[in-house]
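Just below is one structure, and these are the notes that go with it.
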Amino acid sequence: GFHDTHHTAQYIIVIRLLVAAVLGAVIGFERGSTHGTAGLRTHVLIAVAAALFTSLAFEIYDQALAGGSQTADPIRAIEAVTAGIAFLGAGAIFQQRGSVHGLTTGAGMWLSGAVGVAVALGYYLIAAGVALLAVLVLAALRAFSHQVVSAENEHVREGTEPSEDR
């Protein structure tokens, strides 16, 4: 029957979804802790959704191959997942008084999706490494950008302009 045609055991898919949730939470916790527009819950949902779509795409692909299809293409599902996450990321980006906000959050959402895809394909070590790298990069660059912003604010308080053309 249909149940016998699963390429990947369902418990493996469940484990992968849980791993995606944990890694999405790692990225989302960092974003949420710095009052980003999308935090813990959003990143978890994106990583799990990407992992689920990817898992289902490959199950459908394997069923199509078993049924004799020559035209099945699992890459289209990855493209659809990427487009959906890009849509969500774009929603997190907004412009306010000439400056753009939310780009880092949008990028984090996109990365959470990529981590979910990697987990669904069984690349646990790569997914975990990327999630860890993301947190390190986000934390390090946040500290650096706060120093730059506070230096610019110092110029404003002193009534001098930072050294750039206005």
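A few notes on this one:
- Cα gyration tensor shape of segment 42-86, rounded if a/c is under 1.5, else prolate or oblate by comparing a/b with b/c: oblate
- Farthest toward positive dipole pole in the chain [+1 Lys/Arg, -1 Asp/Glu at C-beta], among VAL135, ALA25, GLY108: ALA25
- Heavy-atom accessible area per residue - the chain, 1.4 Å, Å²: 63
- Note on ARG76/HIS146: beta-carbon distance plugged into 1/(1 + (r/R0)^6) with R0 of 30 Å gives a FRET efficiency of 0.10.
- The charge dipole of segment 1-134, taken about its Cα centre with unit charges on the Cβ atoms of Lys, Arg (+1), Asp and Glu (-1) only, comes to about 500 debye.
- Counting protein heavy atoms only, segment 1-116 has 67 percent of its accessible area on carbon and sulfur, 1.4 angstrom probe.
- Rg of the Cα atoms in the chain, relative to 2.2 N^0.38 Å, amounts to 1.32.
- Sparse-neighbourhood loop sites, GluC sites (Glu not before Pro) in segment 28-127 - DSSP loop, at most 14 other Cβ within 10 angstrom: none
- Where N is the number of residues in segment 99-152, Cα Rg divided by 2.2 N^0.38 Å: 1.39
The values are calculated or read from the model by the stated rules, or taken from the named source; none is laboratory data. What you see is a predicted model; the values in this text were computed from it and never measured. Cβ sites come from the backbone with ideal geometry, for glycine too, and all protein chains shown count toward neighbours. Accessible surface is based on the protein model in full, side chains and every heavy atom, while ligands, DNA and RNA are left aside. Shrake-Rupley method; radii C 1.70, N 1.55, O 1.52, S 1.80 Å.
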